[in-house]
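Notes to accompany the following structure.
The values are calculated or read from the model by the stated rules, or taken from the named source; none is laboratory data. For clarity, every value in this text was computed on a predicted model and none was experimentally measured. Reconstructed Cβ throughout: ideal geometry from the backbone, glycine too, with neighbour counts over all protein chains shown. Calculation scope for accessible area: heavy atoms of the full protein, side chains included, ligands and nucleic acids excluded. Shrake-Rupley method; radii C 1.70, N 1.55, O 1.52, S 1.80 Å.
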Amino acid sequence: MENGFEVEERLMNNLVRGLCRRSWEEKDLLEDAHQVFERMRSRHSGIDASTYGFMIQSLCMGKKMDEALVSLQGMVRTGFSPWIVTFNNVIQGLCVEGKVFDALLVLSIMDEGGRATSRVSHNLVIHELNRRGTFLGACSVYGSALKRCVIPNKIPQQ
């Protein structure tokens, strides 16, 4: 690219996915994957849904939750519908870091797009809200889940 050659989008997607897979074992490759991904995004190259999913999962595994959330939002903005596991990875990582309000944002992104939510999605957030002693918030998430015909295992606890 630096020498002026065009690089095929499919090749770049494969490169990012390969770097992501390797970064699960070799953590130092995550930054390389993220740099290539960001370069593709800045050039409006055709990042496919699979590449977004791999990048988000890798960022979550690397505990780079702010970047994972930004990538998830970018994926949705681009018109892709992330897999439930992608949403759950982000929600779980955010809850582990204590960023429950960002996790609630992810639940709302799922709701806005009419995407299917899962028991896992809601359980993660309810558990974190319970842990923080935020009973009303946990009740709200529980009620929201029931409205979507999802019955969480976790219940709000005071």
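Here are the numbers for the structure shown:
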{"item": "Region 31-158 - charge dipole about Cα centre, Lys and Arg +1 at Cβ, Asp and Glu -1, debye rounded to 20", "result": "340 debye"}
{"item": "Carbon + sulfur, % of accessible area of the chain - ligands and nucleic acids excluded, 1.4 Å", "result": "52 percent"}
{"item": "Theoretical ellipticity at 222 nm over the chain - DSSP helices of four or more residues, -39500 (n - 2.57) apiece, nearest 500", "result": "-22000 deg cm²/dmol"}
{"item": "Surface accessible to a 1.4 Å probe, per residue, for the residues of region 20-158, Å²", "result": "52 Å²"}
{"item": "Cα gyration tensor, region 23-70 - rounded (a/c under 1.5), prolate or oblate", "result": "prolate"}
{"item": "Proximal lysine pairs, the chain, alpha carbons under 19 Å, eight or more residues apart or interchain", "result": "5"}
{"item": "Hz values of 3J(HN,Hα) by residue in region 139-153 - Karplus curve (6.51, -1.76, 1.60), Gly and Pro given as x", "result": "5, 4, 5, 4, x, 4, 5, 4, 4, 8, 6, 10, 10, x, 6"}
{"item": "Pairwise Cα inverse-distance average, inverted: Kirkwood Rh of the chain (Å)", "result": "16.5 Å"}
{"item": "Top positive-direction residue, dipole computed over the chain with Cβ charges, set 40, 58, 89", "result": "89"}
{"item": "Prolate/oblate/rounded label for region 19-103 (Cα gyration tensor, a/c 1.5)", "result": "oblate"}
{"item": "Anisotropy class of region 83-158 from Cα gyration tensor, a/c 1.5 cut", "result": "oblate"}
{"item": "Value of relative contact order over the chain, rounded to a whole percent, pairs C-alpha under 8 Å and six or more apart", "result": "14 percent"}
